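Below you'll find the structure, written out as structure tokens, and then a few comments.
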Amino acid sequence: MAHTAIGQDDRSANELFDATTMRTVRCLAKRLARKPGFRATALDEADIRQELLLHIWLRRDAYDPARGAWSTFVDRICRNKAARLIEHHTAQRRDYRCVTDIPLA
């Protein structure tokens, strides 16, 4: 699907989230959810997929067709968001204040 400047014309969510976009999001969410230790949090595959789709929606105005294809844009911003999710999850696991399952007695 060829996209023009998405922020400048009123494209519907159905046009933004075409089959290629959804496949990219689904595959990345599945890969993240299966990452060792990542599933232990409240973030499951559906939550990760929702986070990625929301991130695409919020960043849609940054897409410039002169710089590349829509699918490349989606891939890059999803991978960046996934990296931030991993960093956040890792930081939470390291933070002793977030540990709630260790008995105090």
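Placing unit charges on the Cβ atoms of the charged side chains and taking the dipole of the stretch 13-96 about its Cα centre, the candidate lying farthest along the positive direction among H55, T90, T20 is T90. Taking label points 7 Å from Cα along the Cα-to-Cβ direction, A91 and D47 give a separation of 1.7 nm.
The charge dipole of the stretch 13-96, taken about its Cα centre with unit charges on the Cβ atoms of Lys, Arg (+1), Asp and Glu (-1) only, comes to about 380 debye. Summary value for the stretch 13-96: 34 percent relative contact order, contacts being C-alpha pairs under 8 angstrom separated by 6+ residues.
Since every read-out is calculated from the coordinates, none of them should be taken as a lab result. Computed from a predicted structure; not experimentally measured. Every residue, glycine among them, receives a Cβ derived from its backbone with ideal geometry; neighbour counts consider all protein chains shown.
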